[in-house]
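Since the structure comes first, as structure tokens, the remarks are kept for the end.
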Amino acid sequence: MRYLKADDPLGWFEELYSRAGEDLSIIPWADLKPNPNLTAWLDRDLLQPLDKTALVIGCGLGDDAEELATRI
């Protein structure tokens, strides 16, 4: 609530990552593995890597982004 009052609705985000430090269990969405729906889709649809780019919105710690990078 203090971030909203300070007109900084995303301020909590940086604080959460800073507080977490090495303790990733503090970050609720840090699974430390790619999303199983993503890997199932990638396994099923066999992307052709030629001239492909990808963007993962809200990538957290980058698990999905790393998985995509290994496949395109």
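Every read-out reported here was derived from the displayed coordinates using simple, explicitly stated rules and does not represent laboratory data. Computed from a predicted structure; not experimentally measured. Cβ: placed from backbone, ideal geometry, glycine included. Neighbour counts: every protein chain shown.
For the condition of a type in the set (Ser, Thr, Tyr), part of a loop (DSSP other than H, G, I, E, B) and either out of contact with any helix residue (DSSP H, G or I) (no Cβ under 6 Å at 6 or more places or on another chain) or surrounded by 14 or more Cβ atoms within 10 Å (Cβ to Cβ) (or both), what is the one hit in THR70, THR53?
On the way: THR70 fails: part of a loop (DSSP other than H, G, I, E, B).
None of the others qualify; the one that does is THR53.
Among the numbered conditions (1) exposed (fewer than 11 other Cβ atoms within 10 Å of the Cβ); (2) assigned to a loop (DSSP other than H, G, I, E, B), tell me where LEU4 comes up short.
Every condition holds for LEU4 apart from (2).
Of everything in region 7-28, what is surrounded by 10 or more Cβ atoms within 10 Å (Cβ to Cβ) and within 16 Å of the chain's Cα centre (by Cα)? Give them in sequence order.
Those that are surrounded by 10 or more Cβ atoms within 10 Å (Cβ to Cβ) and within 16 Å of the chain's Cα centre (by Cα): PHE13, GLU14, LEU16, TYR17, ALA20, LEU24, ILE26, ILE27.
Identify, please: which residue in region 14-47 is in a helix (DSSP H, G or I) and aromatic (Phe, Trp, Tyr) and is, among those, nearest to ARG2 (Cα to Cα)? Before you say what the answer is, go through the steps one by one.
So in region 14-47, the residues in a helix (DSSP H, G or I) come out as 14-20, 24-26, 36-45.
Next cut, aromatic (Phe, Trp, Tyr) only: 17, 41.
On the way: TYR17: 17, TRP41: 40 Å.
Checking each candidate, the answer is TYR17.
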